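The values are calculated or read from the model by the stated rules, or taken from the named source; none is laboratory data. Keep in mind it's a predicted model, so treat the numbers as computed, not measured. Cβ atoms come from the backbone with ideal geometry, glycine included; neighbour counts cover every protein chain shown.
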Amino acid sequence: MLFELNIPPSIAIFVLLALGLIAWTYRMLKQQRSFHLNNDSSRRFRQWLHSEPNPISNKDEILENLESCLQYLSGISWLKCDTEQTLSFTSNEIKYSADYSLLLKLILAHIKLVAPKLEIPSFIPKVKFDKLKDCAGSFTEDSEGWVTICIENDYLLNPSAAKSIMCHEACHYILNYNGIRKSTTIDNEYLTETAMFVFGLGEFYLTGNEFVDSDGMKRQLGYLQPEEYLFLQKRVNQLWRMLEVQDHEDNTIETLFRAIFPNANIRKRLLEAENNKHPSRSRSLQIQAIIERHKRDRN
């Protein structure tokens, strides 16, 4: 049996608006890590409830994305290690300091050491706290090129979280300065998250990206789940150790090369000839080929 309801138009419109508002509120409450990009030089960084999932549902896809970012950034950033240079950034002397400009200066100096292939600007962006709309931090560059890192006022009383936000925004600054960007906002943010670890800021960032807010809710900054951050930390340490091993092997083969051919001019001519034959090979592989050929000739 069918019933016909005679509802006044004004009430019907009111009901529809109410249902629409309820649906919108529900989506906002369930929203997964909402991050905004105002324009090419303004990025906004939000906090999210600790229980929220990654916006990419396929975990393997996330890890594959992060691994790709790691390989790319480490390849364009790192050189052979200085035995005295460690990857991780530490700032014990200003751990409890509110001097964010000094901290940013130290962060940029550290990135310059661990990522010598990149160009690190000498200009230190202004760091300020301000009321931000729906975000924890932002990186902006005005029409004249002046850069500002802004942190939400709420984090004035949470310096550990504020410093984590600044790590993320500092990486935006470096990547943007070097023209390194992905085509989509979320891919670009994953690249920036990965950059924190490649630049040695990962451990420092993780000391403040999880916290309990004034309502007793556990919250987290960033775009990744805790296990995804741990994946980045583990893999970046593995890649750095591999670089150290390669550095040791390179030093060993250089020493052997000099021992076999003590004359610098002869070494130079041999390398030039090998480079003409195999220009795409690394110096270590070229030296290895010269030594192997020398051993065969002697036998």
**Study point:** Check on F261, of a type in the set (F, W, Y) and either over 29 Å from the mean Cα position of the chain (by Cα) or not assigned by TED's automatic domain parsing to the domain that holds V114 (or both)
**Key:** yes
Review point. Which of the residues that make up segment 183-202 are outside any loop (DSSP other than H, G, I, E, B) and under 20 Å from S101 (Cα atoms)?
Key: M196, G202
Revision key, fill the gap. The one condition Q220 fails out of (1) at pLDDT 90 or above; (2) among the polar types (S, T, N, Q); (3) surrounded by fewer than 19 Cβ atoms within 10 Å (Cβ to Cβ) is (3)
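Listed here are the residues, each with its yes/no results for (1) of a type in the set (F, W, Y); (2) under 19 Å from L66 (Cα atoms).
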position	(1), (2)
L175	no, yes
G179	no, no
F199	yes, yes
E203	no, yes
V212	no, no
L224	no, yes
K234	no, yes
Study note, to complete from the structure: Within segment 114-161, of all residues that are among the aliphatic types (A, V, I, L, M) and without any contact (Cβ under 8 Å) to a residue 24 or more places away in the chain, the one farthest from Q220 (Cα to Cα) is I124
Exercise for review: For segment 161-182, state whether one or more residues are outside any helix (DSSP H, G or I), in contact with an Asp or Glu (Cβ under 7 Å, 6 or more places away or on another chain) and surrounded by fewer than 23 Cβ atoms within 10 Å (Cβ to Cβ).
Suggested key: yes
Review point. Of the residues that make up segment 111-122, is at least one in a helix (DSSP H, G or I), in contact with a helix residue (DSSP H, G or I) (Cβ under 7 Å, 6 or more places away or on another chain) and modelled with pLDDT under 85?
Key: no
Review point. Of all residues in segment 273-290, which are in a helix (DSSP H, G or I), surrounded by fewer than 15 Cβ atoms within 10 Å (Cβ to Cβ) and either modelled with pLDDT under 85 or not assigned by TED's automatic domain parsing to the domain that holds T252 (or both)?
Key: R283, L285
Practice item. Could you give me the residue pairs with C-beta distances under 9 Å whose first residue belongs to segment 237-255 and is at pLDDT 70 or above, whose second residue is assigned to a helix (DSSP H, G or I) and of a type in the set (S, T, Y) wherever it lies, and which are 6+ apart or on separate chains? Key: L239/S74; W240/S74; L243/S74; I253/S284; E254/S284
Review point. Which is farther than 22 Å from A170 by Cα, assigned by TED's automatic domain parsing to the domain that holds I151 and either buried (at least 16 other Cβ atoms within 10 Å of the Cβ) or out of contact with any Cys (no Cβ under 8 Å at 6 or more places or on another chain) (or both), of L270, L239?
Key: L239
**Study point:** S101 vs. criteria at pLDDT 90 or above and under 23 Å from D187 (Cα atoms)
**Key:** no
Check your understanding: For segment 180-210, which residues satisfy the criterion of being at pLDDT 90 or above and hydrophobic (A, V, I, L, M, F, W, C)?
Key -> I180, L191, A195, M196, F197, V198, F199, L201, F204, L206
Exercise for review: For segment 142-161, enumerate the residues that are under 19 Å from the mean Cα position of the chain (by Cα) and under 29 Å from Y72 (Cβ atoms).
Suggested key: V147, T148, I149, C150, I151, A161
